[in-house]
1. Plugging the Kirkwood radius over Cα pairs into Stokes-Einstein for chain B, at a temperature of 37 °C and a viscosity of 0.692 mPa s, what D comes out in µm²/s?
2. Students often forget the sequence filter, so: which lysines lie under 27 Å Cα-Cα from A:Lys34 once same-chain residues fewer than 8 apart are removed?
3. With viscosity set to 0.692 mPa s and temperature to 37 °C, compute the Stokes-Einstein D of region B:81-204, Rh being the Kirkwood radius across alpha carbon pairs; µm²/s, no decimals.
4. Expressed in nm to one decimal, what extension gain is obtained for the pair A:Asp323 and A:Arg213 from 0.36 nm per residue of sequence separation less their Cα-Cα distance?
5. So, how do all the Cα-to-Cα distances of region A:66-125 break down into 10 Å bins, in percent, from 0 on up?
6. May I ask you to evaluate 6.51 cos²θ - 1.76 cosθ + 1.60, the Karplus curve with θ = phi - 60°, for each residue of region B:134-148 and list the ³J(HN,Hα) values in order in whole Hz, giving x for glycine and proline?
7. Going by a 1.4 Å probe on protein heavy atoms, which residues of region B:188-216 end up with at least 20 Å² less accessible surface in the whole assembly than in their chain alone?
8. So what's the net charge close to B:Asp38: Lys and Arg +1, Asp and Glu -1, counting the other residues with Cβ under 10 Å from its Cβ?
Amino acid sequence: MTEQKYRHLETAEHPETLRRVAIDPVTRVEGHGKVTLLLDEDNRVCQARLHIVEFRGFEKFIQGRPYWEVPVLVQRLCGICPVSHLLAGAKAIDRIVGVDEIPPSAEKLRRLLHYGQVLQSHALHFFHLASPDLLFGFDSEAEKRNILELLRTDRFCDIALEGIKLRKFGQEVIRAVIGKRIHGVGPLPGGMNKHLSAEDRACLEPQIDEVIRWSQNGLALIRNIYLANADYHRRFAVIRSHFMALVTNRGSHELYDGKLRVKGDDGRILYDQLNDQTYTDHIHEQVKTWSYMKFPYLAALGPEEGWYRVGPLARINTCDFIDSPLAEKARQEFLQLDRGLPVQASLAYHWARMIEILHCAEKIRELLADADLYGGELEAKGEKRHEGVGIIEAPRGVLIHHYCIDEDGLVTKANLIVSTTHNNTAMNESIRQVADEYLDGQVLTEPLLNRIEIAIRAYDPCLSCATHAIGKMPLQVELVDAAGATRQCLIRHADGQVVFQ
Amino acid sequence: MPTISFDGQEITFEPGQTIIEAAMASDLYIPHLCWHPDFPPHGSCKLCSVKVNGRICSACTFPAAEGQEVVSSSEEVRQLRLRLTQMLFVEGNHFCPSCEKSGQCELQAMGYYLGMTDNHYPHFFPVRDIDASHPHVLLDRDRCIFCELCVRASRADGKNVFELAGRGIHTRLVVDSPSGKLGDSNLDVNDRAAHICPVGAIVVKETAFRIPIGQRKYDRRTIAEVSVAEEAPLLRKRYEQKED
């Protein structure tokens, strides 16, 4: 059973009588979000919510644009993992131009690009954003919890530098394939626009063995941290959920292509090899008035039972094996944590993330030696369709892009379910668990509030990517004077009514 | 041969040449967007503004004359061109990050050439129609800068597919067809008018993003270098043909 154990903390009965504490903004995550806690006079937590306060609206303003522009346009959703949106968009557009399989050279180039992207994104998250909490401790001074302080500290400076260099390498892989480290151009409808150059191979190949060593060091670091205080880490922000991820038809770990699999909290496979083109049959989304982020759930199980988690932890829990030897060995050790059952600890996300960094490094080494990267067909053609869905595993989990076009090739409809959105219910459950277990009845201090952020950070949320509930949540615009006081407030409600306050 | 002084340098010109023609014939670049050596000058973008004997003039329409002192490279003139370019950006909807013309766009390249780092003026965000009705050519009016190159090229194609209608801020690019749609016009994808647009307003469909970053027209060369390399020879060829 995966009922939301802490659901009672979503909405307090009489919020007007309670004291409000806000963590605003949530720090060391991508994008802007806040957490609000409502406490009674005895400091008992009565309500805890993660709010996404940004508004984007890509699904709306992409309407009317030509389909071939879509992947390049939607990658601007994000500056951390734009490649994910570029590739998910490209896969959807492949379908629209009638190409179900792009040529091997093009697919391998996209895979190389994606491995570079996942590697750099994971490195950024773990070393730059999350590791200061884990290395200095949850209760350390707030001013110390950053990558610069790690670099200044003798015992951590080497590993922090390796993390920075890991990210740099991933960014270089991206640049080699699409011309720029951020927001490049490479995928075409049905293929790619160039091979990897000999110069880029000569630049990347000599570094890869060292990159694998750095990845192993990072993996050993999180393993040792986790096991050093295993009982606490296992219980911190723990919730019981299902897990969703792409797997290959052999059930192996997959990042670029594959079919959806859902594994239950008890380890049973609930769904397998779900067709990506029919995702709407399996995933529905719930809207709540207090967040710009939707709440997806498995349609067959409903919103109460059907919520799930995605991302590194889901991928490692869900697959049968990883097809690179060092990462597979690490996966087997990882799964011993809960004796073969899906690992539910939220902090285990970090461990899973580092297994994937190692996997990406191994796959990059394999691909750089593949002749298909340097020659062969780059593009396939097909019979045009009016609809296409592209699903990939972004660093943060399952990413769905869905487009419809008209006769002239202009987009008429776009639906994006972004990785972080899948984790919305789970992140809220995790912060409620922390609020209930560690904050309830306590006098709140900064380290206690930091525990809430640590629970969110474990998911590596990309909040800016995930704000898509267009037209459903009230849109609020505030005019604030130089002193910070709100002078005027304009609210557009879900029914379209506009109110001045 | 008569001469003019161009940024302090004596250059010759042929009688009847404009200042921009005289300069380009000597491989000297004057910024421009609406001028093209193959078509009559239009004089609308004003990017080619220079100071002639102390007065601001459009180099694409102003005839070269013996003894002129032309200043093109002063900071004052650069600032003027920068403001004009910024106005072009804010009057349309130019979203370079997702535009398929990025790296090949003369307006974008001009922005870089003039050191443009912001738009300076508030955006107009005009509402303009996109026309994707033609099977091979897309007309994205958001990106139109009203240079009329497509109008002149279509005239040269013998078709008159395009025209500018309205005045001032209400100017818009219209299509000569019963429905006003490009798909109902007699534009052919091989027409010069389908390929002359300096920005991304008229593009051939399904050719986007094929040129990798690093190999696009303005990735490694400035608009000045490209113009001198590609347009100056066209101009010389035109004069050679005249002499023949």
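1. The diffusion coefficient I find is 174 µm²/s.
2. Output for A:Lys34: A:Lys5, A:Lys60, A:Lys144, A:Lys288, A:Lys294, A:Lys472.
3. 220
4. Result for the pair: 37.8 nm of gain on full extension.
5. Cα pair-distance distribution for region A:66-125, in percent: 23, 49, 25, 3.
6. Values per residue, Gly and Pro as x: 6, x, 10, 10, 9, 10, 10, 5, 3, 9, 6, 10, 6, 7, 6 Hz.
7. Buried on complex formation: B:Lys205, B:Glu206, B:Ala208, B:Phe209, B:Arg210, B:Pro212, B:Ile213.
8. Overall, the nearby charge balance is +3.
The values are calculated or read from the model by the stated rules, or taken from the named source; none is laboratory data. Just so it is clear, the model here is predicted, and its values are computed rather than measured. Positions of Cβ are backbone-derived with ideal geometry, glycine not excepted, and every protein chain shown enters the neighbour counts. The protein model used for the area step is the full one, side chains on, heavy atoms only, and it has no ligands, DNA or RNA in it. Shrake-Rupley method; radii C 1.70, N 1.55, O 1.52, S 1.80 Å.
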